[in-house]
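The values are calculated or read from the model by the stated rules, or taken from the named source; none is laboratory data. Predicted model, so just to flag it, every value in this text is computed and none were measured. Glycine gets a Cβ as well: all are built from the backbone with ideal geometry, and neighbour counts include every protein chain shown. Side chains are part of the model used for accessible areas, which takes the heavy atoms of the whole protein and leaves out ligands, DNA and RNA. Shrake-Rupley method; radii C 1.70, N 1.55, O 1.52, S 1.80 Å.
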Amino acid sequence: MTTSRPGGSLLAVSDLHVGYPENRTLVESFVPGSDEDWLLVAGDVADRVEDIYWALRLLKERFSTVVWVPGNHELWTPRQDTVQLRGVARYELLVEMCRRIGVLTPEDPYPVWTGAGGPVTVVPLFLLYDYTFRPAGAQTKEAGLALAHEAGIVCTDEYFLHPDPYPSREDWCAARLALTERRLAELAPGTRTVLVNHFPLVREVTDILRYPVFAQWCGTVHTADWHRRYQAAAVVYGHLHIPRVNWFDGVRFDEVSLGYPREWQRRAKPPRGLRPILPVGSPERDADLAW
Ligand SMILES: [Fe+2]
Ligand SMILES: [Fe+2]
């Protein structure tokens, strides 16, 4: 492999959903442009542990550093999976699997990208959601869910993403927020970060959803200022399956999803694959961002 860019690039992708053969073929085509490239994988690799393992191991063989955060799909317990662990136990199994193959997770010390555009501390986040991105007119989680059921738009997480041993997904989210805030408080003053989370950190990006009532499964209002609080040089997320770029307070937010074949196959352009996050100002990063 040759080094084409001194200092390498910090690349990102999410929502690989490699249970679909078309997506598996695309993932097989992902190669670094440089020996020094890092890859951020922002969740929804697949539903089954075997498929998650296949994709992350392949990517780790190719990229010097791979950082993964879980999406909602990794946390499902599908009936057809040979692994029937639920909730925290399933997450811990995935973390252990990542450790075996050398993939970094939210449970590891935050790695520092010292390549082009660095130094920045890469912060893989696992925060989940807590139903606070409520639909218009809903004052409570229950009211929001009722509107979703009325509209017939209910996230499959309600049936397959178990929070065990927490009583609810929002309790799990609250615990993750508290744990993560404690860790982030330990960063040295002035530390620049790249925040990587499956779910968007700000609600505004969900305004584009075809079914706005779905936003309640997309994040938490408690992270609305994290890009400012933790001096983000960039924010990476997925989950929406709407790849795009937004700016908030001068910080670039990249939705880096691949999505389902039925979604990317109907777009005019083929999937872009890996999105350059750093360095800022690279032509690949800044050119032609319309999807
Ligand atoms: Fe997804
Ligand atoms: Fe997702």
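Listed by first and then second residue, the pairs with beta-carbon distance under 6 Å, at least 6 apart or on different chains, first residue in the range 56-77 and under 20 Å from Leu127 (Cβ atoms) and touching a residue at least 12 places away in the same chain (Cβ under 8 Å), second within 11 Å of ligand 1 (Cβ to nearest atom) and among the hydrophobic types (A, V, I, L, M, F, W, C), are Val69/Ala42.
Put simply, of Arg192, Arg275 the only residue that is touching a residue at least 60 places away in the same chain (Cβ under 8 Å), of a type outside the set (S, T, N, Q), within 16 Å of ligand 1 (Cβ to nearest atom) and at negative phi is Arg275. The number of residues in the range 23-55 that are open to solvent by 10 Å² or more (accessible area, probe 1.4 Å) and either within 16 Å of ligand 2 (Cβ to nearest atom) or under 21 Å from Val122 (Cβ atoms) (or both) comes to 10.
So, in the range 92-113, how many residues would count as being farther than 27 Å from Gln231 by Cβ and open to solvent by less than 50 Å² (accessible area, probe 1.4 Å)?
At the first step, the residues of the range 92-113 found to be farther than 27 Å from Gln231 by Cβ are 92-94, 96-97, 99-102.
Cutting the leftovers down to open to solvent by less than 50 Å² (accessible area, probe 1.4 Å) gives us 94, 97, 101-102.
Total satisfying the criteria: 4.
Among the candidates Ala116, Ala89, single out the residue that is away from ligand 1 (no atom under 16 Å from the Cβ), surrounded by fewer than 21 Cβ atoms within 10 Å (Cβ to Cβ) and modelled with pLDDT under 95. Criteria check complete, one pass: Ala116.
Take Arg62 and decide whether it is crowded, with 17+ Cβ neighbours inside 10 Å and of a type in the set (Lys, Arg).
On the way: crowded, with 17+ Cβ neighbours inside 10 Å: no; of a type in the set (Lys, Arg): yes.
No: the conditions fail for Arg62.
For the range 230-251, filtering for residues that are touching a residue at least 24 places away in the same chain (Cβ under 8 Å) and either open to solvent by 30 Å² or more (accessible area, probe 1.4 Å) or in a strand (DSSP E or B) (or both) leaves 13.
Scanning the range 261-290 for residues that are assigned to a loop (DSSP other than H, G, I, E, B), out of contact with any helix residue (DSSP H, G or I) (no Cβ under 9 Å at 6 or more places or on another chain) and either modelled with pLDDT under 85 or farther than 22 Å from Val27 by Cα (or both) yields a total of 7. The requirement of being buried (at least 21 other Cβ atoms within 10 Å of the Cβ), under 29 Å from Ala136 (Cβ atoms) and at pLDDT 95 or above is fulfilled nowhere in the range 177-191; no residue meets it.
Scanning the range 136-185 for residues that are part of a helix (DSSP H, G or I), within 21 Å of Asn197 (Cβ to Cβ), in contact with a helix residue (DSSP H, G or I) (Cβ under 6 Å, 6 or more places away or on another chain) and hydrophobic (A, V, I, L, M, F, W, C) yields a single hit, Leu177.
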